[in-house]
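S.K.: The structure that follows is given in the form of structure tokens.
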Amino acid sequence: MSFTDFFAAISAEPLKAVANHWQEARGQKPMPSWHDIQPSHIAAQLKLVWVYKYDPVTELFTGRLAGNVIEAVFGKSFRGTPMKELYPGHDYDRLYSRARRVIAEPALYRGDGKVFEHFERIGSGERIILPLANDGAHGDGILGATIYEMATGVASDDTGENERWFGV
């Protein structure tokens, strides 16, 4: 599946705007670098955006930034915070594996449903994750965006997020 298929699968217009900018920023490369991303092009969506950098030596993700709607869930800044510190133990392995797949294949991710359950709060919505690469070819970060509403009446054992994967 291609970017066209990925883009068509996205429901929320703000997420489409982020995906479209990623596509424009990469040009002829498989992936754009963090420096190719122009915040002014997605200014209205920045509150929904989050970014991690990946260190291939330590194999760890570290927060680079997150918009205020995202940081509100966590109650602290993403900047410089290891992914492992942002997520409870039972979520970390799943989220880490997802992020690694995005940069390793590389792949485009779209999910919907229960997009987070954090500190006894549940958010229902849609999420996209896109790979970043300083050299345009080898993933070393992820750009994500999540749109959600706080859900009520959703059991914590709910099946969670419906995942769809697409090739770059």
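The values are calculated or read from the model by the stated rules, or taken from the named source; none is laboratory data. Keep in mind the model is a prediction, meaning the values are calculated, not measured. Using ideal geometry, Cβ is built from the backbone for each residue, glycine included, and neighbour counts are taken over all protein chains shown.
S.K.: Which members of the range 1-35 meet the condition of being assigned to a loop (DSSP other than H, G, I, E, B), more than 11 Å from Leu132 (Cα to Cα) and among the small types (Gly, Ala, Ser)?
M.R.: Listed by number, the residues that qualify are Ser2, Ser11, Ala12, Gly27.
S.K.: Here is a further query. Of (1) of a type in the set (D, E, K, R); (2) touching a residue at least 60 places away in the same chain (Cβ under 8 Å); (3) part of a loop (DSSP other than H, G, I, E, B), Lys76 satisfies all except one. Which?
M.R.: Among (1) of a type in the set (D, E, K, R); (2) touching a residue at least 60 places away in the same chain (Cβ under 8 Å); (3) part of a loop (DSSP other than H, G, I, E, B), the lone unmet condition for Lys76 is (2).
S.K.: While we're here: Here is a list: Ile142, Ile128. Which entry is assigned to a strand (DSSP E or B), touching a Lys or Arg at 6+ places or on another chain (Cβ under 7 Å) and at pLDDT 95 or above?
M.R.: None of the others qualify; the one that does is Ile128.
S.K.: Any idea how many residues of the range 45-60 are part of a strand (DSSP E or B), within 18 Å of His35 (Cα to Cα) and not β-branched (Val, Ile, Thr)?
M.R.: Final tally of qualifying residues: 5.
S.K.: Quick check on Leu65: is it among the aliphatic types (A, V, I, L, M), part of a helix (DSSP H, G or I), touching a residue at least 12 places away in the same chain (Cβ under 8 Å) and closer than 22 Å to Arg101 by Cα?
M.R.: So Leu65 does not fit the description; no.
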